[in-house]
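The structure appears right after this line, and notes come after that.
The values are calculated or read from the model by the stated rules, or taken from the named source; none is laboratory data. If you're wondering where the values come from, they're calculated on a predicted model, not measured in any experiment. Every residue, glycine as well, gets a Cβ built from its backbone with ideal geometry; the counts of neighbours run over all protein chains shown.
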Amino acid sequence: VPGLEPEGELESLRELVARFVAERIVPAEAALGPTALGLPDDVLGPLRAQARELGLWCLDAPEEFGGGGLDAFASVVVWEEASRHRFCHPTPGGGVFGLNPPSPLYQGSPEQIARYVRPHIEEGWVAFNAVAEPSGGTDPAGAIATTARRDGSEWVLNGTKMWITHADRARYGVVYARTGSAISCFIVDTDLPGVSVERVPVIRDHWPTVLDLRDVRVPAANLVGEEGRGLRLAGRWVQRGRLVYAARSIGVAEESVRHAHEWVIHRETFGRVLATRQAVQFAIADSRVEIEAARLLTRRAARVVDAGGDARRDVAIAKLYATEMAFRVVDRMMQLLGAMGMSRELPLEGWFRDLRVARVVEGSSEILRVQIARSELGPAVG
Ligand SMILES: Cc1cc2nc3c(=O)[nH]c(=O)nc-3n(C[C@H](O)[C@H](O)[C@H](O)COP(=O)(O)OP(=O)(O)OC[C@H]3O[C@@H](n4cnc5c(N)ncnc54)[C@H](O)[C@@H]3O)c2cc1C
């Protein structure tokens, strides 16, 4: 499809990432055995060093801050490829390719860029993004109860953030808090007095956390952007984040079909291999159709983002379709694999649980449908 296939330098980058994943990440994961829940630090460290040497580091982050500066199209091509391995949730490459700074900080002051964004990328820090609370995550403007009160040269934060990914490993993160009637965004270091973090068990193996803030004092300089405009800071990066989710789902769906393919061409029942059965053929064929459709929708939406237009509808269609598609496809492939599909010998059961989460976070399936309906029906949606 002209315009929707990677070419030239991007195709070389895609191949490099594909080789890195297949030759280094997949064998490292396989060596850990079926009870492992992620790459341990002594495995992650050397893999990160190798990735950096090849230039595969914080590829989405802006080039001016030391990142790879990929545009949205390049990003979906690369992250699809980088997700074809077991621990690709919540980060493609399992953290091997670095974790980006929270995107609101790209709008930060020169001092914030120098103190947080540049060293984050340079030294491979981990950060969190704390929006959701026990009172809700879908409608942050209405639900955020965490407060920030100005006290001289400091802000004092109080409240509880819920389901926050990476806060247990992060050096710092961004917290959205109410300042008067609006929401502002603050940088919070995790080692400050009054910050406590506890992991929350969830369906996927990578658990989020509860982040409790009790009279946490941060310097006035830690306010990101203008007071009261915190929720607008992420801007186009919200769409970029959703597209990465879509791309990751496609990589996982593709990989689950590969596992099932290997199985059905060898596994025999009643004297014939499974691949000779029409029910099995149709399961593979339907999955192929759905994966191709998701890829086209995702790459098209990425092109709209890069063209600078209003991409919300196209991104909503891509994320909704790709995450729901991948859940169906992984489920279908697990069925073809029988008991082996349920086993932790293979990554499918883990992806199945990860993909269940993908339909709730970074724009739930319902919120995406609301957005698509709004673009169809306009004000009649209410
Ligand atoms: C594993 C995991 C990791 C997470 N990591 C982070 C993180 O790092 N940072 C962070 O801030 N948050 C994080 N979250 C929280 C996530 O962003 C929220 O779960 C999400 O925004 C949904 O909010 P909620 O769970 O409060 O559901 P609610 O807001 O209570 O909504 C409940 C259900 O109602 C649906 N719904 C809501 N409004 C409508 C409507 N108008 N029409 C139809 N249906 C509707 C929702 O889609 C959802 O299915 C994480 C969650 C999980 C499970």
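Does at least one position in region 198-210 carry a residue that is assigned to a strand (DSSP E or B), within 20 Å of Gln112 (Cβ to Cβ) and modelled with pLDDT of 95 or more? Looking for residues that are assigned to a strand (DSSP E or B), within 20 Å of Gln112 (Cβ to Cβ) and modelled with pLDDT of 95 or more, one finds none in region 198-210, hence no. In region 357-382, of all residues being more than 15 Å from the ligand (Cβ to nearest atom) and of a type outside the set (Gly, Ala, Ser), the one that is surrounded by the fewest Cβ atoms within 10 Å (Cβ to Cβ) corresponds to Pro379.
Among the residues of this structure, Thr179 does not count as one that is polar (S, T, N, Q) and closer than 30 Å to Thr35 by Cβ. Annotation note: of Val174, Val131, Val156, the sole residue that is touching a residue at least 24 places away in the same chain (Cβ under 8 Å), more than 12 Å from the ligand (Cβ to nearest atom) and either surrounded by 16 or more Cβ atoms within 10 Å (Cβ to Cβ) or more than 21 Å from the chain's Cα centre (by Cα) (or both) is Val156. Taking the residues in region 136-147 that are more than 8 Å from the ligand (Cβ to nearest atom) and part of a loop (DSSP other than H, G, I, E, B) as candidates, determine which candidate is surrounded by the fewest Cβ atoms within 10 Å (Cβ to Cβ). Checked region 136-147; the qualifying residue surrounded by the fewest Cβ atoms within 10 Å (Cβ to Cβ) is Ala145. Quick one: what pairs do we get from region 354-367, first residue within 17 Å of Ile164 (Cα to Cα) and free of Cβ contacts under 8 Å to residues at least 60 places away in the same chain, second within 6 Å of the ligand (Cβ to nearest atom) and part of a helix (DSSP H, G or I), C-beta under 6 Å, 6+ apart or different chains? Sorted first by the residue in region 354-367, then by its partner, the list stays empty. Checking Gly68, Gly55 one by one, the residue that is in contact with a Cys (Cβ under 8 Å, 6 or more places away or on another chain), at pLDDT 95 or above and either farther than 21 Å from Pro102 by Cα or of a type outside the set (Val, Ile, Thr) (or both) is Gly68 and no other. Residues in region 40-77 that are over 13 Å from the mean Cα position of the chain (by Cα) and over 22 Å from Glu123 (Cα atoms): Asp71, Ala72, Phe73, Ala74, Val77. Where residues in region 332-356 are surrounded by fewer than 20 Cβ atoms within 10 Å (Cβ to Cβ) and either within 14 Å of the ligand (Cβ to nearest atom) or among the basic types (Lys, Arg) (or both), which of them is modelled with the lowest pLDDT? Among those that are surrounded by fewer than 20 Cβ atoms within 10 Å (Cβ to Cβ) and either within 14 Å of the ligand (Cβ to nearest atom) or among the basic types (Lys, Arg) (or both), it is Arg344. None of Arg150, Arg115 is modelled with pLDDT of 95 or more, over 14 Å from Pro101 (Cα atoms), not in a loop (DSSP other than H, G, I, E, B) and not β-branched (Val, Ile, Thr) except Arg150. When region 159-169 is filtered for residues that are more than 10 Å from the ligand (Cβ to nearest atom) and either under 25 Å from Ala358 (Cα atoms) or aliphatic (A, V, I, L, M) (or both), the ones remaining, listed by number, are Thr160, Asp168, Arg169. In region 205-219, is there at least one residue being of a type in the set (Asp, Glu), within 11 Å of the ligand (Cβ to nearest atom) and under 19 Å from the mean Cα position of the chain (by Cα)? Yes, region 205-219 has at least one match.
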